[in-house]
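Encoded as structure tokens, the structure appears first; notes follow it.
The values are calculated or read from the model by the stated rules, or taken from the named source; none is laboratory data. All values derive from a computational prediction rather than experimental measurement. Please note: Cβ atoms are built from the backbone with ideal geometry, for glycine as well, and neighbour counts cover all protein chains shown. Each accessible area value is taken on the protein alone, full model and side chains, heavy atoms only, with ligands, DNA and RNA left out. Shrake-Rupley method; radii C 1.70, N 1.55, O 1.52, S 1.80 Å.
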Amino acid sequence: AEHALEDQDDFYIPTFSSKVIAYKGLVMPTTIKQFYIDLQDEDFKISFALFHQRFSTNTLPKWRLAQPFRGVAHNGEINSIEANRFNVEIKTQAIESEIFTREELDRIFPLLQKGASDSASLDNMFEFLIINGLDFFKAARCLVPAPWQNAPYMDSELRAFYEYCAIRFEAWDGPAAVSLTDGRHIGCLIDRNGLRPSKYFKTKDDRLFITSEYGTVIFPEEDIIDRGRLQSGQMIGIDLKTGTILKNDDINDYLKSSQNYEK
């Protein structure tokens, strides 16, 4: 459908997910609640919200470019975007499927929508990996890796994971702070250049807020039990099914122990 209507600027599918509702719109932040009446309903409950407020600086506002996208909200720029798009196009030629015929695959390709923003291209790629069953944290870290090539003190097993990913994926480099979700997990990461802020705090009633700055959400100091900021190449995440908060070391332990990447 996207390829058939690619010349229609107003055509964009916010989501077909059974786990995530995307409230996307060209509206001022103060009017979102009036625009989407779900958000006025006291019976409407959520386990998380991924919120992105953006004022267009280098592109005219368009419906399909408005954030958030299907799985990603992105603060910053992808400076490696030309190489990333070229890499996806080249690697697409090697994709095979046990389910789809070559003819059906050709109807799906190209993976990245034409005329999209850098954030939308990253979202297309992340969506493709998740739909094909790749693990949430692996998908995120394959695309936006930590600085591993010139990090002599990095754990060798973790380095092997990134080296393995680098065979297939070109790193999507920022400056970028990227928030992502697949409906069960929600995560936030900083690219390896580390030039975008991302700060977090946890409250006594088990809520976690991750924002670009402290002070975005006002909470009494005595209600905050943990706080911190992401450094270059770091990630924080939550498994909403278990209620577990995974900090950078937890995610790294998970990545390197999921299989023997050195082998």
Inset, instruction - Specify the residue that is most open to solvent (accessible area, probe 1.4 Å); the eligible residues are those in region 163-205 that are within 19 Å of L50 (Cα to Cα) and among the aliphatic types (A, V, I, L, M). - result: I186
Inset, instruction - Can you give me the number of residues within region 152-190 that are in a loop (DSSP other than H, G, I, E, B) and not hydrophobic (A, V, I, L, M, F, W, C)? - result: 10
Inset, instruction - Sort out which residues of region 129-161 are out of contact with any Cys (no Cβ under 9 Å at 6 or more places or on another chain), open to solvent by less than 50 Å² (accessible area, probe 1.4 Å) and closer than 27 Å to F109 by Cα, and write them in order of number. - result: I130, D135, F136, F137, A139, A140, V144
Legend entry - Residue satisfying condition, being of a type in the set (K, R), on the phi < 0 side of the Ramachandran plot and open to solvent by less than 80 Å² (accessible area, probe 1.4 Å), within set R102, R107, R64: R64
Inset, instruction - Output the residue which, of all residues in region 3-46 that are of a type in the set (V, I, T) and surrounded by 10 or more Cβ atoms within 10 Å (Cβ to Cβ), is nearest to R107 (Cα to Cα). - result: I13
Legend entry - Output for region 110-128, where each listed residue is open to solvent by less than 30 Å² (accessible area, probe 1.4 Å) and basic (K, R): none
Legend entry - Members of region 76-99 that are in contact with a Gly (Cβ under 9 Å, 6 or more places away or on another chain) and either acidic (D, E) or surrounded by fewer than 16 Cβ atoms within 10 Å (Cβ to Cβ) (or both): E77
Inset, instruction - Only residues in region 62-73 that are of a type in the set (V, I, T) count as the first member; pair them with residues that are part of a helix (DSSP H, G or I), Cβ under 6 angstrom, at least 6 apart or cross-chain, and list the lot. - result: V72/L122; V72/D123; V72/F126
Inset, instruction - Select, from F51, F69, F11, the only residue that is closer than 21 Å to L143 by Cβ, among the aromatic types (F, W, Y) and out of contact with any Phe, Trp or Tyr (no Cβ under 6 Å at 6 or more places or on another chain). - result: F69
Inset, instruction - Name the one entry in S47, S117, S97 that is touching a Leu at 6+ places or on another chain (Cβ under 7 Å), more than 17 Å from L180 (Cβ to Cβ), at pLDDT below 95 and small (G, A, S). - result: S97
Legend entry - Hits in region 76-120 (condition: under 23 Å from G133 (Cβ atoms), under 24 Å from the mean Cα position of the chain (by Cα) and charged (D, E, K, R)): E89, K91
Inset, instruction - Enumerate the pairs (first residue in region 142-160 and charged (D, E, K, R); second residue anywhere and open to solvent by 20 Å² or more (accessible area, probe 1.4 Å) and not in a loop (DSSP other than H, G, I, E, B)) with beta-carbon separation below 6 Å, excluding pairs fewer than 6 apart on the same chain, so at least 6 apart or on different chains. - result: E157/K256
Inset, instruction - State whether the residues of region 52-67 include one that is in a loop (DSSP other than H, G, I, E, B), touching a helix residue (DSSP H, G or I) at 6+ places or on another chain (Cβ under 7 Å) and of a type in the set (S, T, Y). - result: yes
Inset, instruction - Starting from region 32-45, take each residue that is under 15 Å from A22 (Cβ atoms) and list its partners that are surrounded by 10 or more Cβ atoms within 10 Å (Cβ to Cβ) and among the basic types (K, R), counting only C-beta distances under 6 angstrom and pairs at least six apart or across chains. - result: L39/K33
Inset, instruction - Taking only region 207-256 into account, find how many residues are at pLDDT below 95, crowded, with 16+ Cβ neighbours inside 10 Å and assigned to a helix (DSSP H, G or I). - result: 1
Inset, instruction - Determine the pairs where a residue that is without any contact (Cβ under 8 Å) to a residue 40 or more places away in the chain, located within region 6-27, has a partner that is outside any loop (DSSP other than H, G, I, E, B) and among the β-branched types (V, I, T) with Cβ atoms under 8 Å apart, the partner being 6 or more residues away or on another chain. - result: Y23/I32
